[in-house]
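Trainee: First the structure, then my questions, so here it is.
The values are calculated or read from the model by the stated rules, or taken from the named source; none is laboratory data. As the structure is a computational prediction, the values presented were derived from the model and not from experiment. Here Cβ is always computed from backbone atoms with ideal geometry, including for glycine, and neighbour counts include all displayed protein chains.
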Amino acid sequence: MQLDEFDELAQNACLEDNFFAALRSLAMGYEMAYLIASRRPLHELEKARPEASTLCGICQPFQVRPFTEEESQRLVEDYLQGAGVEFPRTVVNRILHLGRNRPNLVQLAGYCAFEVWRENEGKLCQESNSGIERRFSQAVEHRQGRI
């Protein structure tokens with residue numbers, strides 16, 4: 001199970017100790033593993049949110065390496081195939097260019113492309129690239145502002 005942006009999740013005041021206890025229970029009872037994505041080291045999160053500390057204790061951080069070009073391509077193609085959608089080659093190339101083989105950026109660029117596709121009622125063309133780039137830049141800027 002993936003817990004993306006765990007630093008924000010751990011600092012959410014609405015989530016009480018029983019939420020983290022339930023996550024620990026699932027991990028122990030069903031041999032479930034959590035993939036935690038966080039911009040901050042887990043030991044800092046333990047200090048900021050003691051309720052999350054025992055959950056952090058059963059997790060091990062690891063660095064995600066950049067994708068190869070083939071892995072980036074496969075990720076985009078798999079998402080498109082899974083959604084039953086076909087994007088023009090120029091749009092796929094734009095997603096790959098924006099993603100720069102970084103897993104989080106490839107996914108973010110793909111998400112932005114899907115949003116533009118949805119807003120255009122299932123249509124994308126060469127001109128859609130500027131809308132995708134604009135949306136991607138705004139999303140990256142927003143995320144950097146939260147670090």
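Trainee: Out of the residues in the stretch 93-108 that are of a type in the set (A, V, I, L, M) and at pLDDT 95 or above, which is surrounded by the fewest Cβ atoms within 10 Å (Cβ to Cβ)?
Mentor: Leu96
Trainee: Only residues that are within 23 Å of Glu71 (Cβ to Cβ) and in contact with a Lys or Arg (Cβ under 8 Å, 6 or more places away or on another chain): list them for the stretch 116-136, please.
Mentor: Residues satisfying the conditions are Trp117, Asn129, Ile132, Glu133.
Trainee: Do the conditions hold for Arg49, that is, is it closer than 20 Å to Ile132 by Cα and either at pLDDT 70 or above or more than 21 Å from the chain's Cα centre (by Cα) (or both)?
Mentor: no
Trainee: Looking for something buried (at least 17 other Cβ atoms within 10 Å of the Cβ), at pLDDT 75 or above and not in a loop (DSSP other than H, G, I, E, B) - is there at least one such residue anywhere in the stretch 58-73?
Mentor: yes
Trainee: Could you please find all residues in the stretch 69-92 being basic (Lys, Arg) and under 14 Å from Ala113 (Cβ atoms)?
Mentor: Arg89 - this is the single residue of the stretch 69-92 that is basic (Lys, Arg) and under 14 Å from Ala113 (Cβ atoms).
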